[in-house]
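Structure, as structure tokens:
Values in this text are rule-based calculations from the coordinates and carry no lab data. Owing to the predicted nature of the structure, the values given are computational and were not obtained by experimental measurement. Using ideal geometry, Cβ is built from the backbone for each residue, glycine included, and neighbour counts are taken over all protein chains shown.
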Amino acid sequence: MTMERIPYRTIGIVGGGQLGLMLCDVARRMALKTVVLDANPQSPALRRADATVVADLFDREGLRELCERSDIVTFEIEHTDTRALSDFAEQGRAVIAPSPAVLERIRDKGLQRQTLARHNVPQPYSVLWDEPAAGPPDGMAFPFVQKLRTGGYDGRGVSVLGNPASARLQGPSIAEELVVLEVELAVIVARSCDPGTGETQEMRSYAPVRMDFDSSLNICTRVVAPSGVSAAMERRAIEIAEAAVSAFGIVGVCAVELFVAADGRILVNELAPRPHNSGHLSIEAHATSQFEQHLRAVCSLPLGSPELLRPAVMLNLLGGAHSGLPVCRGYRELCAVPETHLHWYDKSPCAPGRKMGHITCLGDTVEEAMNRADQAERLFALDGLSG
Ligand SMILES: Nc1ncnc2c1ncn2[C@@H]1O[C@H](COP(=O)(O)OP(=O)(O)OP(=O)(O)O)[C@@H](O)[C@H]1O
Ligand SMILES: [Mg+2]
């Protein structure tokens with residue numbers, strides 16, 4: 001066998017949050033180099049990357065530098081200057097995956113819904129509502145859901161309007177039917193494409209996971225695998241998720257958030273064309289983590305097995321009532337819970353509802369993993385120390 005040099009390639013990452021941090025960890029193990037762009041030099045991924053570009057996500061010069069220093073540029077956040085990135089891709093400064101054009105159609109919830117509709121992917125009924133100050137849009141009756149077209153995350157930018165007097169969010173929006181939810185699922189789909197032709201090289205999906213929400217904050221608190229829905233429903237969810245990913249031509253991993261409605265419909269809520277909170281448990285529970293799978297896909301390497309090896313429950317560690325230096329109780333006690341893994345993102349300050357880390361609990365059964373997650377939640381708590 002002829003020997004070859006280790007194919008060190010440099011992966012540029014737009015965004016320095018925890019998703020970037022977990023990409024950097026895997027990249028290092030796989031002999032890939034990383035360069036991360038973020039405005040905050042203290043952001044989690046910047047402290048873990050091989051090299052950094054400290055610049056705003058919309059700074060054209062910063063993005064140019066990122067492209068020039070990278071072989072492949074990818075994202076942990078969609079909110080960046082996609083026009084600039086398209087220009088740099090055309091100029092051959094870096095391969096960008098997924099493409100900036102795909103990001104543009106996904107980060108605008110209005111365009112996202114239109115693209116899904118063109119490809120007949122099932123989704124909630126919705127209409128564009130660009131002037132939410134005026135009366136309810138045609139065809140929509142109270143109660144319905146208002147969502148800002150851009151900029152929302154972790155439930156900010158989503159509001160249920162109960163009656164004409166309900167306070168509205170400001171900005172171009174969509175108005176969407178209020179779905180009576182049985183359960184929320186997420187499917188991580190990985191797609192790679194042939195660098196020459198752009199055709200699909202491989203597409204592999206993880207089995208659906210269940211996402212449990214704090215209904216007052218609209219924020220995901222727990223992720224459970226396996227999901228507990230029927231095998232037929234899981235197959236249908238994967239089919240729909242793959243149709244959604246194909247509709248956009250996404251390269252890399254994409255999380256497809258799905259609603260299972262009380263009337264039996266399975267509907268796409270939204271897509272995140274990157275690693276996602278719903279896939280964090282893949283680090284311990286699956287044969288290939290979503291972060292490794294993403295790097296494999298954007299590098300056009302063979303994809304890994306998405307098989308679930310152990311039932312798992314992931315808990316998001318959200319900041320408590322106060323803002324300030326992060327403090328915790330129960331660290332030692334948490335370490336005594338079997339098969340329980342803490343992931344600390346090392347962010348500061350701790351703020352109410354801020355994602356500070358996560359915990360993944362495994363078990364022989366999903367009940368055992370759930371019991372361990374209950375224990376972990378009772379034992380471990382976070383808050384911010386003010387002053
Ligand atoms: N049409 C709807 N009907 C019922 N509930 C909804 C609807 N749209 C959103 N929700 C609830 O609000 C949550 C957040 O909505 P969505 O995923 O659109 O917001 P986001 O802020 O973009 O999401 P993320 O938390 O993924 O960043 C959903 O997971 C769901 O629980
Ligand atoms: Mg969501």
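Numbers for the structure displayed
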| quantity | calculated |
| --- | --- |
| Vicinal HN-Hα couplings computed from phi for region 160-177 (Karplus, 6.51 cos²θ - 1.76 cosθ + 1.60; Hz; Gly/Pro x) | 8, 9, x, 7, x, 8, 4, 5, 9, 6, 8, x, x, 9, 10, 10, 9, 4 |
| Backbone HN-Hα couplings from phi across region 141-156 [Karplus 6.51/-1.76/1.60, Hz, Gly and Pro as x] | 10, 5, x, 9, 10, 9, 10, 4, 5, 9, x, x, 7, 6, x, 6 |
| Computed label-point distance, nm, for sites Val327 and Thr2 using a 7 Å Cα→Cβ extension | 6.3 |
| Two-decimal Rg/Rh across region 312-385, once Rg and the Kirkwood Rh are taken from alpha-carbon atoms | 1.00 |
| P(r) of the chain over all Cα-Cα pairs, binned every 10 Å from zero, in whole percent | 5, 22, 32, 28, 11, 1, 0, 0 |
| Extension reserve of the Glu61-Met30 stretch, reckoned as 0.36 nm per residue once the Cα distance is removed | 8.3 nm |
| Region 208-224-region 37-107 distance, computed between alpha-carbon centres (Å) | 29 |
| Amide H contacts of Phe144 (H built 1.01 Å from N, under 5 Å, at least 5 apart or other chain) | Leu161 |
| Karplus-derived HN-Hα couplings along region 311-316 (A = 6.51, B = -1.76, C = 1.60, θ = phi - 60°), whole Hz, x at Gly and Pro | x, 8, 10, 9, 10, 7 |
| Compactness relative to 2.2 N^0.38 Å, alpha carbon Rg of region 8-96 | 0.95 |
| Gap separating the Cα centres of region 243-308 and region 124-183, nearest whole Å | 26 |
| Extended-chain gain in nm, criterion 0.36 nm per residue less alpha-carbon gap, Asp214 and Glu199 | 1.4 nm |
| 30 Å Cα-Cα reach of Lys109 towards lysines, excluding residues that sit fewer than 8 places from it in its own chain | Lys147, Lys347, Lys355 |
| Footprinting exposure proxy for Thr360, Thr82 (fewest neighbouring C-beta atoms within 10 Å first) | Thr82, Thr360 |
| Coil-residue GluC sites (Glu not before Pro) of region 187-280, DSSP, other Cβ within 10 Å capped at 11 | Glu199 |
| Bins of 10 Å from zero: percent of alpha-carbon pairs in region 125-177 | 28, 63, 9 |
| Nonlocal amide H pairs with Ile96, under 5 Å, H built at 1.01 Å | Val73 |
| Environment charge of Leu185, counting only residues whose C-beta is closer than 9 Å and scoring Lys/Arg +1, Asp/Glu -1 | -2 |
| Label point distance in nm, Ala167-Ser348, each placed 7 Å from Cα along Cα→Cβ | 3.3 |
| Calculated FRET efficiency for the pair Ala133/Arg265, C-beta based, R₀ 41 Å, to 0.05 | 0.85 |
| The chain, relative contact order [Cα under 8 Å, separation at least 6], % | 12 |
